[in-house]
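The values are calculated or read from the model by the stated rules, or taken from the named source; none is laboratory data. Please read all numbers here as calculations on a predicted model, not as lab measurements. For neighbour counting, all protein chains shown are included, and Cβ atoms are generated from backbone atoms with ideal geometry for every residue, glycine included. Heavy atoms of the whole protein, side chains included, go into the accessibility calculation; ligands, DNA and RNA do not. Shrake-Rupley method; radii C 1.70, N 1.55, O 1.52, S 1.80 Å.
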Amino acid sequence: MLIIVLFIIGLIFAICYLGYRNYVARGLMRDNASDSFDNDTAKDVKLEKQTIRHELLMLLEDESVFTRKGLKITDLADMLYSNRTYISNVINDEFNMSFTDLINEYRVDYTKKILSQPEKRGLTLSEVRIMSGFSSDSSFYRIFKQKEGITPLEYKKKCY
């Protein structure tokens with residue numbers, strides 16, 4: 001009888017020990033799988049951000065979407081089949097600036113390009129502002145001077 005009781009106690013101990021060992025092993029596997037998942041996810045996010053960056057550059061440089069008056073980040077998000085928060089994060093991370101700063105940088109560069117072309121010499125600054133996508137004369141002058149250190153008129157005179 002004593003042998004049977006000891007046998008049953010030993011069996012219970014063995015079952016508990018094996019169950020505990022299996023539980024610990026599964027926890028470790030889950031941690032390792034989670035680390036692998038996190039690394040794969042980070043790689044996917046980085047690749048996706050680079051893809052969005054590339055597509056955003058195409059919209060800005062090839063299609064000149066920055067010339068659209070009143071362009072909003074939601075407009076870009078729609079064009080890129082994404083959402084405004086994600087696009088904002090990509091712009092902040094990949095370009096180290098805000099959406100507004102990025103668009104204004106492209107608009108100022110475009111303005112400089114127009115003003116330096118001899119065949120466009122007859123355009124008024126208001127026409128150039130509209131072509132560049134600025135919504136008002138005051139924002140046009142303020143942003144141009146902030147970025148270039150001189151007014152658009154001074155820049156135009158400097159070009160000729």
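Quick notes on this one:
- Remark on residue 133: its backbone amide H falls under 5 Å from none of the residues 5 or more positions apart or on other chains, H modelled at 1.01 Å from N.
- Potential extension, residue 120-residue 141 segment - 0.36 nm per residue separation minus Cα distance: 5.7 nm
- Above-threshold pairs, the threshold being 22 Å between Cα atoms, out of 69/147; 46/112; 49/112; 69/120: 46/112; 49/112
- Signed unit charges on C-beta, dipole axis of the stretch 53-142, positive-most listed residue 79, 103, 133: 133
- Sparsely packed chymotrypsin sites (Phe, Trp or Tyr not before Pro) within the stretch 54-109, loop by DSSP, other Cβ within 10 Å at most 10: 81
- This model, with +1 at the C-beta of Lys and Arg and -1 at the C-beta of Asp and Glu, gives the stretch 28-160 a dipole about its Cα centre of some 1000 debye.
- Taking the accessible area of the chain, probe 1.4 Å, and keeping the other protein chains in place, the carbon and sulfur fraction comes to 57%.
- Heavy-atom accessible area per residue - the stretch 50-137, 1.4 Å, Å²: 55 Å²
- Estimated 222 nm signal from helices in the chain, with DSSP H stretches of n ≥ 4 weighted -39500 (n - 2.57), rounded to 500: -26000 deg cm²/dmol
- The tail of the calculated P(r) for the chain beyond 18 Å holds 70 percent of all Cα-Cα pairs.
- In summary, the helical segments of the chain meeting the span-like criteria, namely a full DSSP H run, a Cα extent along the axis of 18 angstrom or more and a mean Kyte-Doolittle hydropathy of at least -0.5, are 2-61, 99-115.
- Dipole axis of the stretch 43-140 (+1 Lys, Arg; -1 Asp, Glu on Cβ), positive-most option in 114, 92, 51: 114
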